[in-house]
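Colleague: Have a look at the structure that comes next, please.
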Amino acid sequence: MAEARRGCLGAPLALWLPGLYLAFALYGWIDFTRTNHDGLANVGLMLITLPVTLIGLLVGSLLGHSSFILLPSGYGYLGAHALHYVPAVAVTASALWWIGRTIDRMLAK
């Protein structure tokens, strides 16, 4: 019965989902740091952290801000993006862990 709740390689989804996401997020950050620092370079980062990005856009819209409120200023280009990206990745990975844990528990029943 314990085998039914495991992923394809024997690990629970609570580990697979955030693990794959974190690997993809690391790839996204490395790719971001190697691209030109133009207006479109951060689109990939925002897509990788889409749930947090959508919340930031919604809150900014409700507060009447025209700029993205979760991207701090005064830390340089990479520093500002890192201050947004690292916590956003952590929140998204935590959400994926919770989703995987919930699925694992449902499959174990």
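Colleague: For helix 13-33, what angle does its Cα long axis make with the longest principal axis of the chain, in degrees from 0 to 90 and rounded to 10?
Modeller: The answer is roughly 30 degrees.
Colleague: I'd like the FRET efficiency for ALA41 and LEU15, computed as 1/(1 + (r/R0)^6) with the beta carbon distance as r and R0 of 22 Å, rounded to 0.05.
Modeller: 0.10
Colleague: Where does helix 50-63 land angle-wise versus the long Cα axis of the chain, in degrees 0 to 90, nearest 10?
Modeller: Orientation of helix 50-63: about 50 degrees from the principal axis.
Colleague: Between the DSSP loop rule and a limit of at most 14 other Cβ atoms within 10 Å, which trypsin sites (Lys or Arg not before Pro) in region 1-101 are left? Don't skip to the answer; put the middle values down first.
Modeller: Details: sites: ARG5, ARG6, ARG34, ARG101; in loops: ARG34.
Here the trypsin sites (Lys or Arg not before Pro) that fit, given the DSSP loop and packing criteria, are ARG34.
Colleague: Between LEU62, LEU47, LEU70, find the one with the highest GNM mean-square fluctuation for the chain; connect C-alpha pairs within less than 10 Å.
Modeller: The residue with the greatest mean-square fluctuation here is LEU62.
No lab work stands behind these numbers, since they all come straight from the coordinates. It should be emphasised that the depicted structure is a prediction, and the values quoted were computed from it without experimental measurement. Ideal geometry is used to build each Cβ from the backbone, glycine not excepted, and the neighbour counts take in all protein chains shown.
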